[in-house]
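The values are calculated or read from the model by the stated rules, or taken from the named source; none is laboratory data. Just so we're clear, the structure is a prediction, and the values are computed from it rather than from any experiment. Quick reminder, even Gly has a Cβ in these numbers, built from the backbone with ideal geometry, and neighbours come from all protein chains shown. Calculation scope for accessible area: heavy atoms of the full protein, side chains included, ligands and nucleic acids excluded. Shrake-Rupley method; radii C 1.70, N 1.55, O 1.52, S 1.80 Å.
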Amino acid sequence: GEDVEQSLFLSVREGDSSVINCTYTDSSSTYLYWYKQEPGAGLQLLTYIFSNMDMKQDQRLTVLLNKKDKHLSLRIADTQTGDSAIYFCAASGGSYIPTFGRGTSLIVHP
Amino acid sequence: EAQVTQNPRYLITVTGKKLTVTCSQNMNHEYMSWYRQDPGLGLRQIYYSMNVEVTDKGDVPEGYKVSRKEKRNFPLILESPSPNQTSLYFCASSLYNTGELFFGEGSRLTVL
C-alpha cells in the first residue's frame, strides 16, 4: 500500500521561508494534500494538488509536485509564529482514502 | 456551522471498563473514519465507513469496534480498554470519500 514519509521537525526563524518535504510511494496517487494541526486542535485541510499539476500557489503557500520522484513540498513564505503547527502530508489514489505521513512539527522562533 | 463533533473530549478510565466515543457530523457526508494519533507515529486509521451499514478495518483495528446505523453518527467502541489504547482519537468525515477530510477536535483517552 501507499507509504508517505516526511521529516519530523523543522525549525525556522520568523520571516524566513519554510519548506516541508514529503515523499510517497504509490505512483497512481491522484490527490496530494497538506493538512495543518494547531496545538490542541484537529487537522484542517490547508491545500491540495492534483497529480496532473506541478505547482499550486495560494497566498503565502506554494506546493510543488515532482511526480517522477514522487516528491511533494510545501513552502510557506514569510513564516510567522502563528504558522507553528504540525503539517501532515497525505496522498490518495483510486480509493480516495488518504494515507497520512507522520507529520512535521514546524517551530518558528523570533 | 459545518462540523464534526466528538464526545467526550477527555476521558480517564480503567482497564476493562467499556467505553464509547461518539462522533457526529452535520454535513451529510458519506465517508467517516476514526484515527488515533500517537507521538512519532502520526495518524493511524482504525476503522472507516463508506456509508450506512458499511464499515471496514483500517491499519490498527484490534481492540476497537464501530457501527454506522445512521449517516451522521459513527461511534467508536472500546469493549475492554487496555493501557496501550491510551491515545488521542480523531473522527473525520468527507463527501464522496475524497481526501478532503473534516476532522473533529479530538478525544484524549487515558486508560489506567
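Points worth noting:
- Scanning segment A:1-21 for residues that are open to solvent by less than 50 Å² (accessible area, probe 1.4 Å) and out of contact with any Leu (no Cβ under 8 Å at 6 or more places or on another chain) yields A:E2, A:V4, A:Q6, A:G15.
- The set of residues in segment A:45-58 that are surrounded by fewer than 14 Cβ atoms within 10 Å (Cβ to Cβ) and either in a strand (DSSP E or B) or under 11 Å from the mean Cα position of the chain (by Cα) (or both) comprises A:F50, A:M55, A:Q57, A:D58.
- When restricted to residues that are over 17 Å from B:G16 (Cβ atoms), at pLDDT 95 or above and in a loop (DSSP other than H, G, I, E, B), segment B:56-103 contains 10.
- Scanning segment A:64-110 for residues that are of a type in the set (A, V, I, L, M, F, W, C), more than 14 Å from every other protein chain (Cβ to nearest Cβ) and closer than 21 Å to A:E5 by Cβ yields A:L64, A:L65, A:L74, A:I76, A:L106, A:I107.
- For the residues B:I46, B:I12, the requirement of being in a strand (DSSP E or B) and surrounded by fewer than 16 Cβ atoms within 10 Å (Cβ to Cβ) singles out B:I12.
- Any chance B:R108 is open to solvent by 70 Å² or more (accessible area, probe 1.4 Å), closer than 19 Å to A:G42 by Cβ, more than 10 Å from chain A (Cβ to nearest Cβ) and modelled with pLDDT of 95 or more: no
- Matching entry among B:Y89, B:Y64, B:Y48, B:Y31 (being within 14 Å of chain A (Cβ to nearest Cβ), touching a Phe, Trp or Tyr at 6+ places or on another chain (Cβ under 8 Å) and free of Cβ contacts under 8 Å to residues at least 60 places away in the same chain): B:Y48
- Considering only residues in segment A:22-38 that are modelled with pLDDT of 90 or more and open to solvent by 70 Å² or more (accessible area, probe 1.4 Å), the one that is nearest to the other protein chains (Cβ to nearest Cβ) turns out to be A:E38.
- Here A:L61 meets each of (1) open to solvent by 70 Å² or more (accessible area, probe 1.4 Å); (2) under 30 Å from B:R9 (Cβ atoms); (3) free of Cβ contacts under 8 Å to residues at least 60 places away in the same chain with one exception, condition (1).
- Residue count for segment A:65-102, restricted to those that are in a strand (DSSP E or B) and over 17 Å from A:S27 (Cβ atoms): 9
- For segment B:30-58, a residue qualifies if it is closer than 24 Å to B:T86 by Cβ and among the polar types (S, T, N, Q), and the qualifying residues are B:S33, B:Q37, B:Q45, B:T55.
- A:S18, sole failed condition from (1) within 14 Å of another protein chain (Cβ to nearest Cβ); (2) polar (S, T, N, Q); (3) closer than 16 Å to A:S7 by Cα: (1)
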